[in-house]
Amino acid sequence: MKKSLLNRLVDPVSKSLLQLKIDDEKEGNVLTGSLVGERGEYPISNGIPRFVLTEDSDQLQTEESFGYKWQQVKTYDAPDVLENARRWLVERYGFANVQEMRRFFANRRTILDAGCGGGFSASLWLHSEWLDSGNAEWVGADISAAIDVAQERLAGIPNTHFIQADVLELPFAGETFDTIFSEGVLHHTPSTERALKSLVPLLTQGGEIMFYVYRKKGAIREFTDDYVRDIVAAQAPEEAWETLRPLTKLGQALAELKVEVDVPEAIPYLGIEAGPIDVQRLFYWHVAKLFWNEAYEFEQNHHINFDWYHPRYAHRQTEEEVRRWCAEAGLSIIHCNVQESGFTVRALKD
């Protein structure tokens, strides 16, 4: 663990300073509270401080799910997957291209990647050249064992730091970061609203938060999402991965039909618009998430369906809710990209 990170850390509960000490019994280092009578101790393993305190069983299931998912590196590390994800990220956050996105982050001072997973999203814009210049520091935090995958992926880049911690109980004092990036994370907590509002105090005045959250879908799709999730979330990740295979195969079969249907009239109470739509996309958006991209291999497509269905916490929200939460948290939205999948927001702290 780098000294510059240690100087930023506080006890996630009391917010008191932490001290580093040698734990001979555990054959490693621990962080301990500096206040008299504090008993909180946080282990350091593989060079990563570990702060996860939650006893919420659903949050622990979500943690396990993502720890498993991000360890399946071969299912998301192919060049075409990376390039498509980079293009979508740039589009949603309102940048002209990846170079502009990298320049934006290069001009920040301290960046918190809240829920960095295996470092996948950060790898799409994190660049060794500008971090090496000393202009910015990146801190990746994730509740799951995926943080070790992120370290393996990104630790070679200067000014990167890694901690295992819950977004709702991060070990930082107020106004530590001028930028917070949280891509597809807040909805995987007990409360999307609470997760968003817990990050705002960590922002400096005028600092920018950037996040993506799921959008609520039509009635049939919402029912199916919850129904399938109730089945597979109760299973171990390996079992759920297998349970979901027929779903991915159906997505493939529908896509290979290459049939388009012309919806004669909009059905607003089901969220279906009038006009031509591919049969696979009709099912995908309005019946069940059956992701399929013919440019990807089967396991790469399957990874995306697993990502959707297995985590117990995967809230969907409306645009009205997202805008209200931002206003209540003292955030002024400067960019909001609305897609069928979700909302991508950039906002400044008032």
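The values are calculated or read from the model by the stated rules, or taken from the named source; none is laboratory data. Just so you know, these numbers come straight off a predicted model, no measurement behind them. With ideal geometry, Cβ positions are generated from the backbone for all residues, glycine too; neighbour counts draw on all protein chains shown. To get the accessible areas, we keep the full protein, side chains included, count just its heavy atoms, and leave off ligands, DNA and RNA. Shrake-Rupley method; radii C 1.70, N 1.55, O 1.52, S 1.80 Å.
Within the set A347, A314, the sole residue that is in a loop (DSSP other than H, G, I, E, B) and touching a residue at least 12 places away in the same chain (Cβ under 8 Å) turns out to be A314. Tell me which residues, restricted to region 242-270, are outside any helix (DSSP H, G or I) and either touching a Pro at 6+ places or on another chain (Cβ under 9 Å) or open to solvent by less than 40 Å² (accessible area, probe 1.4 Å) (or both). Those that are outside any helix (DSSP H, G or I) and either touching a Pro at 6+ places or on another chain (Cβ under 9 Å) or open to solvent by less than 40 Å² (accessible area, probe 1.4 Å) (or both): L244, E260, V261, D262, V263. Only one of the numbered conditions (1) over 26 Å from V90 (Cα atoms); (2) open to solvent by 20 Å² or more (accessible area, probe 1.4 Å); (3) charged (D, E, K, R) is violated by E193, and that is (1). Listed by first and then second residue, the pairs with beta-carbon distance under 6 Å, at least 6 apart or on different chains, first residue in region 154-169 and touching a residue at least 24 places away in the same chain (Cβ under 8 Å) and farther than 16 Å from D11 by Cα, second of a type in the set (S, T, Y) and in a helix (DSSP H, G or I), are I157/S128. Select from region 275-286 the residues that are closer than 22 Å to F223 by Cα and either surrounded by fewer than 16 Cβ atoms within 10 Å (Cβ to Cβ) or touching a strand residue (DSSP E or B) at 6+ places or on another chain (Cβ under 7 Å) (or both) and list them in ascending order. Across region 275-286, the qualifying residues are I277, D278, V279, L282, H286. Checking each residue in region 288-311 for being open to solvent by 50 Å² or more (accessible area, probe 1.4 Å) and either outside any helix (DSSP H, G or I) or of a type in the set (K, R) (or both) picks out E294, A295, E297.
Within region 196-233, if we keep just the residues that are of a type in the set (S, T, Y) and under 18 Å from H335 (Cα atoms), the residue that is surrounded by the most Cβ atoms within 10 Å (Cβ to Cβ) turns out to be Y212. Residues in region 120-142 that are open to solvent by 10 Å² or more (accessible area, probe 1.4 Å) and at pLDDT 90 or above: F120, S121, S123, E137, D142.
What's the number of the condition L331 fails, among (1) surrounded by 14 or more Cβ atoms within 10 Å (Cβ to Cβ); (2) closer than 23 Å to V73 by Cβ? Only one criterion is unmet by L331, namely (2).
The single residue among G156, G47, G117 that is closer than 23 Å to F177 by Cα and surrounded by 16 or more Cβ atoms within 10 Å (Cβ to Cβ) turns out to be G117.
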